[in-house]
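Colleague: I have a structure here, written as structure tokens, and I will follow up with some questions on it.
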Amino acid sequence: MFNGVTIVLTLLALASAALHIRAEYGGSRAQVYLFKPLTTVAILLIAAGSSGETLPAYRYAIIAGLLCSLAGDVFLMLPADRFLAGLVSFLLAHLCYIVAFNVGVQPLMPLWSGLPFLAYGMMLFARLRPHLGSMALPVAGYSLVISVMAWQACARWLQLATPDALLAGIGAVLFVASDSLLAIDRFAGSFRWAHLAILVTYYVAQWLIAASTCAL
């Protein structure tokens, strides 16, 4: 359940995320460098300090995923282009989440249930392919992994039907939405309010996944 510390950390993450988004639209880069990682750290601490009844292996895998995400945040905000390093960091984060979403459930999910997620990943890659150049293979691999991550999260919810599994499922889908918007903005042409859409879906996704460690 959500305790007082979780609520305080959630409010801190909310305030920090708002300040980060504001900084992206006219604030100083120093504010981006401060509030972007601070938001993820606050979300990470929600999982690290969880007093819920979720299995320890689940919580540890979620924490590992958030740590990899924090590394990805840092790489993507640096002045030099560290997109590939950021991509690898988030790839590792999604692998950690896949491990988490397979804790405490039947090990073999019906393959048919993953078809919508894999189809979406293929359609997104096909949309981006003409613009990827040398990044085609890394992006293809990433698209596959994040599709599997969302599939496993939703399959976990269908199997367990618990509130915390639902939080993780919604978070995983929002993570796919955030990464899709980021990929389109970077490779296919930037669009208005890209930062807002990408960051809101990203932070909400990470919060939901972290909050899933607090059994409800």
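Colleague: Kirkwood Rh, Cα Rg: Rg to Rh for the range 55-194?
Modeller: Dividing the radius of gyration by the Kirkwood radius yields 0.98.
Colleague: Another question, then. As I understand it, the dipole of the chain uses +1 on the Cβ of Lys and Arg and -1 on the Cβ of Asp and Glu, about the Cα centre. Which of Ile43, Leu66, Ala177 lies farthest toward its positive end?
Modeller: Ala177
Colleague: Can you tell me the accessible area per residue over the chain, all protein chains present, probe 1.4 angstrom, in square angstrom?
Modeller: Values: 10280 Å² over 216 residues.
I get 48 Å² per residue for the chain.
Colleague: Quick one: dipole size for the chain, taken about the Cα centre, charges +1 on Lys/Arg Cβ and -1 on Asp/Glu Cβ, in debye to the nearest 20.
Modeller: I would put it at about 320 debye.
Colleague: I'd like the distance separating the alpha-carbon centroids of the range 86-101 and the range 65-79, in whole Å.
Modeller: 12
Colleague: If each residue of separation counts as 0.36 nm, what is the full-extension length gain between Ala136 and Ala57 once their alpha-carbon separation is subtracted?
Modeller: 25.1 nm
Colleague: Rounded to the nearest 500, what is the 222 nm mean residue ellipticity of the chain from helices alone, with -39500 (n - 2.57) per DSSP H run of 4+ residues and division by all residues?
Modeller: Numbers: 8 runs with 164 residues, N = 216.
Helices in the chain give a 222 nm mean residue ellipticity of -26000 deg cm²/dmol.
Colleague: Same structure again: Looking only at Ala17, Ala80, Ala48, which one moves most when the chain is put into a Gaussian network model with springs between Cα atoms under 10 Å?
Modeller: Its mean-square fluctuation being the largest, the pick is Ala80.
Colleague: Taking only Cα atoms and a 10 Å spring cutoff, compute GNM fluctuations for the chain and point out the largest among Phe191, Phe125, Phe35.
Modeller: Of the options given, Phe191 has the highest mean-square fluctuation.
Colleague: Residue-wise, which Karplus ³J(HN,Hα) couplings in Hz belong to the range 118-135, taking 6.51 cos²θ - 1.76 cosθ + 1.60, θ = phi - 60°, and x for glycine or proline?
Modeller: Karplus values, whole Hz, x for Gly and Pro: 5, 5, 5, x, 5, 5, 5, 5, 4, 5, 8, 3, x, 10, 8, x, 5, 8.
The values are calculated or read from the model by the stated rules, or taken from the named source; none is laboratory data. Computed from a prediction, not measured in an experiment: that's the story for all the values here. When we count neighbours, we look across all protein chains shown, and the Cβ atoms used for this are built from the backbone with ideal geometry, even at glycine. These area figures cover heavy atoms from the full protein model, side chains too; ligands, DNA and RNA do not enter into them. Shrake-Rupley method; radii C 1.70, N 1.55, O 1.52, S 1.80 Å.
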